[in-house]
Amino acid sequence: MLDLVAIIITLTALLAWFNHRFLGLPLAIGVMVIALLLSGVMHGLTALGWTALEGQAEAWLNQIDFNALLMDGLLSLILFAGALHVDLDRLRRFRWSVGFLATAGVVISTLAVGSATYALITLFGFNVSWLYCLTFGALISPTDPIAVLGILRNAGAPKDLELRIVGESLFNDGVAVVVFTLLLGAASGQEALTLSNASMLFLQEAGGGILLGLVVGGLAYGLMRSIDAYRIEVLISLAVVLGGYALALRLQFSGPLAMVAAGLLIGNKARESAISDTTRQYLDAFWELIDEIVNTLLFVLIGLEVLLIPFEAGYFWVGLGVLIVLLAVRLVTIGVPVMLLRERLGFRRGAVRILTWGGLRGGISVALALSLPDGENRDVLLTVTYLIVMFSILVQGLSIGRVVKRLLSET
């Protein structure tokens, strides 16, 4: 295991250096592009009869449980780091729009995208049940703006839109995981899909996760307030993430929502009255660095995992159709409330297009797809997930800056 970790970190460092030195792309996107190119080169060498390199790479990747790595580890760090820097007072002003997109938006997207996926898959002759297609709708619905945030800032995106995208992603990850868990249990025949089961699961996972996050964050706040020692306070924040997330999983609560709640509490309440300026500087620098490193590692793995993805020509056309539906559903989900409640929700001109194009899909969707049971259901849905994530990160992620600049120039 140590050898594998060393290989991944060394490769990530080299790819990050190459991107910074020669490509100049946003870090996460740049390393993923290079990793994809490496995967393509290995496929090409295999086609020419040189199979050793791809075989060794696949052997290494098969040792990695990507779902467990992200959902039981890296995700806690990413979400806490993101929530830590969100201004809760400003987020409250957008609570209705963020709340709608993170809850009702996820449910609407799950139903619409899942049903459209079932129609497309049936049209192309693949045999996947409607419930599994709904499960796919749940895993592809959460947005992942991690890679695009830096681009939005560099493009001078309005803070209200940036905060909406961040707020939505922080909460819809947890909601989508709950919906995914419920639908996967029903699709695999492990539990009945009933309103009472759904309500109880949501109450346990979401309610329990938020409550646990507030409790753990509150304890950390009390400890931080009692001392002035930045090394210990940074260590306490790390304990909140690792210990709190592990406890949430043990109690079958939503770990993502627990980390969001804890991060918001510490990032706002502790920042105001429990930590000194010195601690604040070290705490922010530590978690910004953790966020960058974890996301860079994650995107390198996404680029390399393509070696393990099954592919058929029909999968491409299903993926293209689902991608169009996904963008259309997001446009409608955002556009209709804005048309009806523009003044109350406080949306500026051009917000619908920015929020639609800036709603990236990423590592969480891939991790959930990899957790599907083996079989034809998994093969087609996993490949379609990868195609959408690749488009989302490479096309939307690299073009959102130009979209923002153009729309801002029009206003």
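The values are calculated or read from the model by the stated rules, or taken from the named source; none is laboratory data. All figures in this text were calculated on a predicted structure; none of them were measured in a lab. Ideal geometry is used to build each Cβ from the backbone, glycine not excepted, and the neighbour counts take in all protein chains shown.
Provide a single number: the residues in region 221-263 that are over 25 Å from Leu69 (Cβ atoms) and of a type in the set (A, V, I, L, M).
Selection size over region 221-263: 5.
Are there any pairs, at least 6 apart or on different chains, whose C-beta atoms fall under 7 Å, with the first in region 370-394 and under 17 Å from Leu61 (Cβ atoms) and the second of a type in the set (Phe, Trp, Tyr) and assigned to a helix (DSSP H, G or I), and if so, which?
Listed pairs, sorted by first residue: Leu370/Phe66; Thr383/Tyr315.
Please pick out the residue among Val300, Val329 that is under 16 Å from Phe66 (Cβ atoms) and either hydrophobic (A, V, I, L, M, F, W, C) or surrounded by fewer than 17 Cβ atoms within 10 Å (Cβ to Cβ) (or both).
Being under 16 Å from Phe66 (Cβ atoms) and either hydrophobic (A, V, I, L, M, F, W, C) or surrounded by fewer than 17 Cβ atoms within 10 Å (Cβ to Cβ) (or both) holds for just one of Val300, Val329, which is Val300.
What do you reckon, is Leu74 touching a helix residue (DSSP H, G or I) at 6+ places or on another chain (Cβ under 6 Å) and over 20 Å from Leu368 (Cα atoms)?
It is false that Leu74 is touching a helix residue (DSSP H, G or I) at 6+ places or on another chain (Cβ under 6 Å) and over 20 Å from Leu368 (Cα atoms).
So which of Asp173, Asp160, Asp144 is assigned to a helix (DSSP H, G or I), at pLDDT below 85 and either within 21 Å of Leu370 (Cα to Cα) or among the basic types (Lys, Arg) (or both)?
After ruling out the rest, the residue left standing is Asp173.
Any residue in region 332-350 that is under 19 Å from Leu398 (Cβ atoms) and assigned to a helix (DSSP H, G or I)?
Scanning region 332-350 turns up no residue that is under 19 Å from Leu398 (Cβ atoms) and assigned to a helix (DSSP H, G or I).
List the residue pairs whose Cβ atoms are under 9 Å apart, where the first residue sits in region 206-228 and is farther than 12 Å from Val260 by Cβ and touching a residue at least 12 places away in the same chain (Cβ under 8 Å), the second is in a helix (DSSP H, G or I) and of a type in the set (D, E, K, R), and the two are 6 or more positions apart or on different chains.
Gly218/Lys269; Ala220/Glu233; Tyr221/Lys269; Leu223/Glu233; Met224/Glu233
Could you grab me the full set of residues in region 18-61 that are out of contact with any helix residue (DSSP H, G or I) (no Cβ under 8 Å at 6 or more places or on another chain) and crowded, with 20+ Cβ neighbours inside 10 Å?
none
Across region 270-297, what is the total count of residues that are among the small types (Gly, Ala, Ser), surrounded by 13 or more Cβ atoms within 10 Å (Cβ to Cβ) and not in a loop (DSSP other than H, G, I, E, B)?
Number satisfying all stated conditions: 1.
Name the one entry in Gly213, Gly217, Gly208 that is surrounded by 15 or more Cβ atoms within 10 Å (Cβ to Cβ), in contact with a Phe, Trp or Tyr (Cβ under 7 Å, 6 or more places away or on another chain) and closer than 23 Å to Leu242 by Cβ.
Among Gly213, Gly217, Gly208, only Gly208 is surrounded by 15 or more Cβ atoms within 10 Å (Cβ to Cβ), in contact with a Phe, Trp or Tyr (Cβ under 7 Å, 6 or more places away or on another chain) and closer than 23 Å to Leu242 by Cβ.
Does Ile290 satisfy the condition of being under 23 Å from the mean Cα position of the chain (by Cα), modelled with pLDDT of 90 or more and among the aliphatic types (A, V, I, L, M)?
So Ile290 passes the test.
Residue check: is Val384 closer than 20 Å to Leu323 by Cβ, at pLDDT below 85 and assigned to a helix (DSSP H, G or I)?
So Val384 does not fit the description; no.
Would you mention how many residues in region 117-127 are in contact (Cβ under 8 Å) with a residue 40 or more places away in the chain, under 21 Å from Gly185 (Cα atoms) and either among the aromatic types (Phe, Trp, Tyr) or surrounded by fewer than 24 Cβ atoms within 10 Å (Cβ to Cβ) (or both)?
1
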